[in-house]
1. Looking only at the stretch 17-43, count every residue that is modelled with pLDDT of 85 or more and open to solvent by less than 20 Å² (accessible area, probe 1.4 Å) and tell me the total.
2. Test V228 against the criterion of being at negative phi and modelled with pLDDT of 80 or more, and give yes or no.
3. Could you check the stretch 52-69 and list, in sequence order, the residues that are under 21 Å from R166 (Cβ atoms) and open to solvent by 20 Å² or more (accessible area, probe 1.4 Å)?
4. Name the residue that is farthest from V90 (Cα to Cα), counting only residues in the stretch 183-194 that are open to solvent by 30 Å² or more (accessible area, probe 1.4 Å) and in contact (Cβ under 8 Å) with a residue 12 or more places away in the chain.
Amino acid sequence: MSGRMLALLVLVAFGAGLLDTLAGGGGLITLPALLLAGVPPVQALGTNKLQGSFGTLTATVQVIRKHGVAWRDVRGPMLVAFAGSAIGSVAVLFIDPEALQVVIPIVLVGVAAYFLLVRDAHLPPPRARLTRRAYVGGVVPLIGAYDGAFGPGTGSLFALGGVALRGFDLRRSTALAKTLNFATNLAALAVFVAAGKVVWLVGSVMALGQLAGAWIGSHLLLRANPLVLRGLIVAVSLAMLVRFLLS
């Protein structure tokens, strides 16, 4: 792969890291870029998890250090998300990925429709609709498995779940989503590494862009107006839907 192509992939990863930290959806920028650069599909999935893990790690460290997210509150959910993602990643190595052609559009439409049509979607409901135990034990591993298998919109799904089901405000829910997304990326990466499906040079170079983009995004995250975050999530979900349907 040429130096020019690697430099372009670094820029793509920077933009994806910034966007992913604020609204999710960075993977649908980087994954097509890897495919266009000539990386085979399964290796592209593994390489995408390598570079994406650095972005979500950066965001996780920042939200724990500076944004009031306590490690004791996220370590349990992160372990559950990790396990769910590992299962999804192993499954995608043995099942036909075409099965996801039905699931992904439904997920993206659901996320976009909720934040677009529900008037106060950026605000928490009066009370949580699920207990912490039910949410962590049921919802988190399902989203984790989805991310391990493919993953477009995972960050937005975690943010939506935190608001709609646990009663968090959108900014806090988005911050918590970064920690869960890091766990799911790390689990999927471990599976793809074990299966020999990672292009290390490309993934390592792109990780530099992810680190920079996620660092900037994490500093903007909790300063952002919730309405802006809501608009970003809708825009990213719809853009991913269009990109998916046209692929």
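1. The total comes to 3.
2. Details: at negative phi: yes; modelled with pLDDT of 80 or more: no.
Taking the combined requirement at face value, the residue does not satisfy it.
3. I64, H67, G68
4. Taking the stretch 183-194 and keeping what is open to solvent by 30 Å² or more (accessible area, probe 1.4 Å), we get 186, 190, 193-194.
From the residues that got through so far, the ones that are in contact (Cβ under 8 Å) with a residue 12 or more places away in the chain too are 186, 190, 193.
Numbers: L186: 13, A190: 10, V193: 11 Å.
My answer is L186.
Conditions (1) among the hydrophobic types (A, V, I, L, M, F, W, C); (2) at pLDDT below 95; (3) touching a Gly at 6+ places or on another chain (Cβ under 8 Å); (4) surrounded by 16 or more Cβ atoms within 10 Å (Cβ to Cβ), marked per residue:
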residue	(1), (2), (3), (4)
V139	yes, no, yes, yes
R171	no, yes, no, yes
K178	no, yes, yes, yes
N181	no, yes, yes, yes
G196	no, yes, no, no
M206	yes, no, no, yes
G217	no, yes, yes, yes
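The values are calculated or read from the model by the stated rules, or taken from the named source; none is laboratory data. Predicted model only: the values in this text are computed from it and were never measured. Counting neighbours? That spans all protein chains shown, and the Cβs are built from the backbone with ideal geometry, glycine included. Each accessible area value is taken on the protein alone, full model and side chains, heavy atoms only, with ligands, DNA and RNA left out. Shrake-Rupley method; radii C 1.70, N 1.55, O 1.52, S 1.80 Å.
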